[in-house]
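A.B. asks: Got a structure for you, questions after.
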Amino acid sequence: MIKTLGNLLEGLRIAEKARLDEVDITHAPTIGAMYEGLTRSILDRAIPDNLDLRIVQGFVVDGNGARSGQIDCMLVHGEGTEVPYVDRTFQWHVKDVLAVFEVKKSLFGEELGDAFDQLKGVGDITSSWLQGATGAAEFSLAASMRVYAQCMGEVVPPGSDWKAMPMDKHLIWHAIMTDQIAPVRIMLGYGGYSTENGLRRGYIDFFEKKLSTAGYGPPSMPNLIVADGVSLVKLSGHPYSHPRLPDGWWPLVASSHVNPTLLILEHIWTRISYLYPVPEIFGDDLETERLSTLIKAKPFDFAPGSGKWGWKFQINKASARQLAEAADQDEWAPVELDATQNVIMHQLCAGDLDTTAPDILAFLAMEGRDPVEFFQSLVNTRLVARRGDQLTLTTVECAIMILPDGRRVAADNNTGRLTRWADRFMANRGLEEAAG
């Protein structure tokens, strides 16, 4: 469903943008209002009708007096406070804001910086609310815990132990967790950078000017930047992520020339899924968007022993030709297991596994497998993570299948994704046999 609707809405976006571009109006506020209205109209079509969700404009507040700048478009639930005598304009508590959009007719350098700062203000409102919050949390961090385990290969400790985490891991956990709690922040330009390479260079030009400025680290970055058919995507896990590399660098921002409306839907529907059980909106989900890494990040102790930590960044270069020739999407496939991994994964489906258990070590010795390398091979699947000496699944509903050709595959089947993949695999196999 998400791909079909994404293509439909992208066609609508392009057609309506062309119509607005022909309107003979030079009054800047009116031009801005037209594109903001188009954005709200498109989003109205993207939101399931049976949910308590609305599209409004206005201000994000923390309940303690802090307020964002005026937001062009907000996806909200619950109740807000209407601004008197201003149509469809509200003040809405940040805890009930799912996504915010900063809309630009054309997205180039200066506009990109303005939009970044506007969305950063929404992140600041989230931080001020969390710092002043009292009582028990009203949301589950299960999604962020899964992302952290898949990115880091280990389970995040209980909340009471977060402050005791090594600081490099604590900062990554904080970035992942914050992006689940804060509204999805999307910068949407109807014109501007029209090539993937151009958008990458424009963003780096802006970003490098902010490297020495506090408050521009990973938690402050928008989740998605869309220009004229090309995008930048944040890889903090909601929905896109990348495991930390062996050298400690964490791929954080990537570019794409896939249908940008599809990326918008992936972001807002992922956020909706954290509140409502709506797995059917993702459809078959058997293709994954091809993303090209732009920025890698690493927590950094600026003055060892002083507790002054921050982030350092590395730019990943790619030529315009490499970016243009890259495919939009890849076919999704489950993880393929060898025979020994298959045995241990079946045990993990029944419960956590102790890596120091004599029977486990004896089994690996019989199979001729080095325990350290073997356990790491399981972690590398992103289906498994460490909890001290324990191994545990990172999935919601892990499933393992043996295919007719003898291969063993595994994946999280909580949305039926593996089942749909197997159905397609068997259908294609039948066609090949019939043709042969």
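The values are calculated or read from the model by the stated rules, or taken from the named source; none is laboratory data. Not measured: the values here are computed from a predicted model. FYI the Cβ positions are ideal-geometry reconstructions off the backbone, even for glycines, and counts take in every protein chain you see.
A.B. asks: Could you check segment 296-340 and list, in sequence order, the residues that are within 30 Å of M165 (Cβ to Cβ) and among the hydrophobic types (A, V, I, L, M, F, W, C)?
C.D. replies: Result: A297, F300, F302, A303, W309, W311, F313, I315, V335.
A.B. asks: Determine whether segment 252-262 contains at least one residue that is part of a loop (DSSP other than H, G, I, E, B) and at pLDDT 90 or above.
C.D. replies: Scanning segment 252-262 turns up at least one residue that is part of a loop (DSSP other than H, G, I, E, B) and at pLDDT 90 or above.
A.B. asks: If I ask for residues that are part of a loop (DSSP other than H, G, I, E, B) and within 16 Å of T270 (Cβ to Cβ), which ones from segment 228-241 would you list?
C.D. replies: L235, G237, H238, P239, Y240
A.B. asks: Sort out which residues of segment 140-178 are of a type in the set (S, T, Y), surrounded by fewer than 17 Cβ atoms within 10 Å (Cβ to Cβ) and farther than 18 Å from T394 by Cβ, and write them in order of number.
C.D. replies: Across segment 140-178, the qualifying residue is only S160.
A.B. asks: Do any strands (runs of 3 or more DSSP E) entirely within segment 21-105 hold 1 or more residues that are farther than 20 Å from D117 by Cα and at pLDDT 85 or above, and if so, which?
C.D. replies: 54-61, 71-76, 89-93
A.B. asks: List every residue pair whose Cβ atoms lie under 9 Å apart, where the two residues are 6 or more positions apart in sequence or sit on different chains, the first residue falls within segment 117-134 and is under 14 Å from D96 (Cβ atoms) and assigned by TED's automatic domain parsing to the domain that holds A182, and the second residue, located anywhere, is at pLDDT 90 or above and among the hydroxyl-bearing types (S, T, Y).
C.D. replies: Once the first residue is under 14 Å from D96 (Cβ atoms) and assigned by TED's automatic domain parsing to the domain that holds A182 and sits in segment 117-134, its partners that are at pLDDT 90 or above and among the hydroxyl-bearing types (S, T, Y) give V122/S68; I125/S68; T126/T178.
A.B. asks: Continuing with the same structure: Identify, please: which residue in segment 289-319 is among the aliphatic types (A, V, I, L, M) and modelled with pLDDT of 90 or more and is, among those, nearest to V230 (Cα to Cα)?
C.D. replies: The selected residue is L291.
A.B. asks: Let me ask another. Restricting attention to segment 230-255, report how many residues are touching a His at 6+ places or on another chain (Cβ under 6 Å) and in contact (Cβ under 8 Å) with a residue 40 or more places away in the chain.
C.D. replies: Number of matching residues: 2.
A.B. asks: Would you confirm, using the coordinates I've provided, whether D124 is modelled with pLDDT under 95 and of a type in the set (D, E)?
C.D. replies: Taking the combined requirement at face value, the residue satisfies it.
A.B. asks: Scan segment 380-436 for residues that are under 15 Å from L348 (Cβ atoms) and basic (K, R) and report the count.
C.D. replies: Number satisfying all stated conditions: 4.
A.B. asks: Another question about this same structure. Looking at (1) closer than 30 Å to M401 by Cβ; (2) not assigned by TED's automatic domain parsing to the domain that holds T419, find the lone condition where Q341 falls short.
C.D. replies: Just one mismatch for Q341, condition (2).
A.B. asks: In segment 385-423, how many are over 19 Å from T340 (Cα atoms), touching a residue at least 40 places away in the same chain (Cβ under 8 Å), touching an Asp or Glu at 6+ places or on another chain (Cβ under 8 Å) and not in a loop (DSSP other than H, G, I, E, B)?
C.D. replies: Of the residues in segment 385-423, 4 are over 19 Å from T340 (Cα atoms), touching a residue at least 40 places away in the same chain (Cβ under 8 Å), touching an Asp or Glu at 6+ places or on another chain (Cβ under 8 Å) and not in a loop (DSSP other than H, G, I, E, B).
A.B. asks: Hand me the list of strands (runs of 3 or more DSSP E) wholly inside segment 277-372 holding 1 or more residues that are surrounded by fewer than 12 Cβ atoms within 10 Å (Cβ to Cβ) and more than 25 Å from the chain's Cα centre (by Cα).
C.D. replies: Those strands (runs of 3 or more DSSP E) span 292-303, 308-315.
A.B. asks: Quick one: which residue in V103, V76, V83, V97 is assigned by TED's automatic domain parsing to the domain that holds W269, closer than 25 Å to L51 by Cα and touching a Pro at 6+ places or on another chain (Cβ under 7 Å)?
C.D. replies: V97 is the lone residue from the list that is assigned by TED's automatic domain parsing to the domain that holds W269, closer than 25 Å to L51 by Cα and touching a Pro at 6+ places or on another chain (Cβ under 7 Å).
A.B. asks: Let me ask you something else. Would you check which residues across segment 405-422 are of a type outside the set (S, T, N, Q) and within 20 Å of the chain's Cα centre (by Cα) and list them?
C.D. replies: Selection gives A411, D412, R417.
A.B. asks: Considering segment 58-92 alone, what residues qualify as being among the basic types (K, R) and more than 14 Å from W129 (Cβ to Cβ)?
C.D. replies: R88
A.B. asks: Does N428 satisfy the condition of being at pLDDT below 95, over 26 Å from P157 (Cβ atoms) and crowded, with 18+ Cβ neighbours inside 10 Å?
C.D. replies: Against the criterion (at pLDDT below 95, over 26 Å from P157 (Cβ atoms) and crowded, with 18+ Cβ neighbours inside 10 Å), N428 does not qualify.
A.B. asks: A follow-up question, please. Could we say that Y216 is more than 10 Å from the chain's Cα centre (by Cα), closer than 22 Å to H77 by Cβ and outside any helix (DSSP H, G or I) here?
C.D. replies: No, not satisfied.
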